[in-house]
Amino acid sequence: MVAVQVFMIRSISFTFILLLPLVSACKFGSTQHVQNTVPSPVPSISATPTPVGSAETGVEEAAGKSAVLRCLETKTGNLKIDKKQTFAVDFEPFKGSCFVTTYDPEYGDDPPLESSFAIYKNEKKAFDFPSQFNGVTSGCWVEAVAFQDLNEDKLTDIIVVGKCSAKSAPYNENMVYVNTGKTFTTREDANFQLTDKTTIKAIADFVKENRTMFFNN
């Protein structure tokens, strides 16, 4: 009886010894399987968005440049176009035209003496500005031009910074042209108050502070 019990104990121990590697193998295989199911890290991809410009803005800029180029090709006879003071005009009463400044090349271009300015449309002069340089007829040129609504009537007025030569030193002959909706007018007596102004901003500020001097309304 004792011998049978000893045999059974030995058999159970032997069986446990045989099963132990199998259990270990199962555990090891299971661990490997779990590890293999963990996804590998995915590399980070940084995408820089491509800037998208406004097609409408591009078209407008191209059209503006094209209009200016057409203005610079205006035929003005023996007079030369002052490219710095020539602009495309896109407001009434001369919408789709050009503000063209010309000078006599016989006197050189620094400064461009004997300057004058006019509105051209379809290769023809459409409007001559009155009282240019406030009546001074020689030795003058255009220093700057600006287009802005000075009296808030929704019409674009024009400021011209003019210079004229003199024995001592050049002096200013500035002009403000009021847009009436049908033409441009100016007042020489009001312009004479601008002789000490040398910039567009200074002129515009003075005009806005003294509207009744330049405008009827």
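The values are calculated or read from the model by the stated rules, or taken from the named source; none is laboratory data. These numbers were taken from a predicted model, which means no experiment stands behind them. Every residue, glycine among them, receives a Cβ derived from its backbone with ideal geometry; neighbour counts consider all protein chains shown. Note: accessible area is taken over every heavy atom of the protein model, side chains too, but ligands, DNA and RNA are not part of it. Shrake-Rupley method; radii C 1.70, N 1.55, O 1.52, S 1.80 Å.
Remarks
- Within the range 74-125, considering residues that are open to solvent by 50 Å² or more (accessible area, probe 1.4 Å) and part of a strand (DSSP E or B), the one farthest from LEU155 (Cα to Cα): LYS80
- LYS154 vs. criteria open to solvent by 50 Å² or more (accessible area, probe 1.4 Å), touching a Gly at 6+ places or on another chain (Cβ under 9 Å) and free of Cβ contacts under 8 Å to residues at least 40 places away in the same chain: no
- For GLN193, the conditions (1) open to solvent by 80 Å² or more (accessible area, probe 1.4 Å); (2) part of a loop (DSSP other than H, G, I, E, B) all hold with the exception of (2).
- Evaluation of GLY139 against (1) within 22 Å of SER116 (Cβ to Cβ); (2) open to solvent by 60 Å² or more (accessible area, probe 1.4 Å); (3) small (Gly, Ala, Ser) (one fails), failing number: (2)
- Among residues of the range 64-77, those that are of a type in the set (S, T, N, Q) and in contact (Cβ under 8 Å) with a residue 12 or more places away in the chain, counted: 2
- The lone exception for ALA204 - which of (1) in contact (Cβ under 8 Å) with a residue 40 or more places away in the chain; (2) assigned to a helix (DSSP H, G or I); (3) exposed (fewer than 13 other Cβ atoms within 10 Å of the Cβ) it fails: (3)
So that you can scan it fast, the table gives a plain yes or no per residue for (1) over 31 Å from the mean Cα position of the chain (by Cα); (2) without any contact (Cβ under 8 Å) to a residue 60 or more places away in the chain:
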| residue | (1), (2) |
| --- | --- |
| LYS121 | no, yes |
| THR137 | yes, yes |
| TRP141 | no, yes |
| VAL145 | no, no |
| ASP149 | no, yes |
| ALA169 | yes, yes |
| MET175 | no, yes |
| PHE192 | yes, yes |
| ASN210 | yes, yes |
